[in-house]
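These notes are about the structure you will find just below.
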Amino acid sequence: MTRLLLSLCLFAGLLCGCSQTPVLRGTGDLGVVIERANGSVQVVDTSNLVALGRIDGLGDLSHASVVFSRDQRFAYVFGRDGGLSKVDLLAMKIGRRIIQGGNSIGGAISQDGRLIAVSNYEPGGVKVFDAQTLRLVADIPATPIPGQQKNSRVVGLVDAPGQRFVFSLFDTGEIWVADFSQGESPQITRYRDIGKQPYDALISPGGRYYMAGLFGEDGMAQLDLWHPERGIKRVLADYGRGSRKLPVYKMPHLEGWTIASDQAFVPAVGHHQVLVLDSHDWRQTDAIDVAGQPVFVMNSPDERQIWVNFAYPDNDKVQVIDSETHRIIKTLTPGPAVLHMEFSGRGEQVWISVRDGEQVQVWDPYRLEPITSLPAQSPSGIFFSKRAQRIGL
């Protein structure tokens with residue numbers, strides 16, 4: 001009997017010890033919700049529509065973005081304070097956190113998942129880290145600003161096929177390609193005089209075209225990564241605020257563009273329109289009148305619907321557009337300050353952050369009805385682990 005009791009105690013002890021290890025489960029249906037006011041993220045489960053827990057201590061998340069490891073277990077959170085945090089979604093804790101700069105606005109993960117790149121305003125440039133340890137691999141300072149004691153701010157950082165990172169230099173009007181295919185010492189290709197003040201950029205879903213929007217003038221700068229020797233091409237000469245200097249309440253993120261089939265749907269800067277472009281030659285083919293100044297324009301995974309949210313004062317609305325007819329299907333009113341939207345991997349849900357409503361809502365995109373809501377503290381960005389298998393996200 002004594003031996004039996006001893007064995008039971010040892011078994012119970014083993015169970016208690018196991019409870020400290022990460023939960024054994026898949027990660028393909030997980031995601032994080034940024035809680036910008038508190039420097040925290042919630043880990044959410046899209047299969048069961050629940051929040052699994054909150055992770056604190058992530059610093060300034062007022063302009064946060066997230067990428068995921070290839071196995072979808074780790075989320076890399078880029079904070080505005082220069083913080084780079086590796087978050088373990090299973091253990092529900094920060095695996096490692098460093099302050100790598102003074103003012104960071106985004107990052108990317110390499111094609112093979114081994115490198116994490118961060119773009120910085122301060123100090124101007126890009127730093128690249130080992131994804132496993134966050135060891136500094138490369139420090140790429142940007143071009144010095146003429147007459148100033150600092151380097152250009154870096155924006156529009158994306159990953160590209162061939163183990164490359166591509167980014168833009170706001171103050172000096174450049175696009176750089178950093179090629180890590182030969183190891184940890186990158187080969188840098190610089191394209192100068194691309195236009196005034198590139199403020200953000202996107203890469204097409206297949207990874208061929210890198211396009212930088214210009215804040216200092218109308219138009220975009222395009223780099224064909226299949227034929228980089230051709231240099232920069234100017235496209236969409238009329239894209240921007242144009243001659244009518246309308247107030248712009250929030251510059252649309254170019255990663256808020258979407259490409260569905262052979263069409264690109266684009267938020268018009270300072271106008272109450274979504275522009276439709278031919279994604280082969282980038283000519284404008286239509287302009288859809290919408291409820292306000294669009295911020296994010298995103299397509300459902302089946303590419304049949306286009307979902308749009310708006311800048312203040314129309315940021316309580318979301319409009320759904322038919323991608324074939326370009327007609328508005330329905331105007332939704334989720335609540336005050338809709339900041340971000342994210343579809344589940346197969347498109348049966350769309351999650352919407354309602355910052356001033358202190359909640360994240362889950363909607364059925366077919367019935368266009370709410371399914372449920374989860375409480376959250378000033379939620380902003382929503383990022384699902386499905387992004388791990390996508391270029392440029």
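Please pick out the residue among Ala160, Ala201, Ala131 that is modelled with pLDDT under 95 and hydrophobic (A, V, I, L, M, F, W, C). Talk me through it step by step, then tell me what you get.
Values: Ala160 fails: modelled with pLDDT under 95; Ala131 fails: modelled with pLDDT under 95.
Only one candidate qualifies: Ala201.
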Practice task
Inspect all residues belonging to the range 78-85 and state whether any of them is crowded, with 23+ Cβ neighbours inside 10 Å, within 24 Å of Asn151 (Cα to Cα), in contact (Cβ under 8 Å) with a residue 12 or more places away in the chain and in contact with a Pro (Cβ under 9 Å, 6 or more places away or on another chain).
Solution key: no
Handout entry: Members of the range 103-117 that are crowded, with 24+ Cβ neighbours inside 10 Å and modelled with pLDDT of 95 or more
Key = Gly107, Ala108, Ile116, Ala117
Exercise for the section: Mind listing whichever residues of the range 167-221 are in a loop (DSSP other than H, G, I, E, B), among the β-branched types (Val, Ile, Thr) and more than 14 Å from Arg234 (Cβ to Cβ)? Expected result: Thr172
Practice task
Looking only at the range 375-385, decide whether some residue is among the polar types (S, T, N, Q), crowded, with 18+ Cβ neighbours inside 10 Å, in contact with a Pro (Cβ under 9 Å, 6 or more places away or on another chain) and modelled with pLDDT of 95 or more.
Solution key: no
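Can you name the strands (runs of 3 or more DSSP E) wholly within the range 285-342 that have at least 2 residues being touching a Gly at 6+ places or on another chain (Cβ under 8 Å) and buried (at least 21 other Cβ atoms within 10 Å of the Cβ)?
On the way: elements: 294-299, 305-310, 318-322, 328-332.
Those strands (runs of 3 or more DSSP E) span 294-299.
The values are calculated or read from the model by the stated rules, or taken from the named source; none is laboratory data. Keep in mind the model is a prediction, meaning the values are calculated, not measured. Don't worry about glycine lacking a Cβ; one is built from the backbone with ideal geometry, like all the others, and counts go over all protein chains shown.
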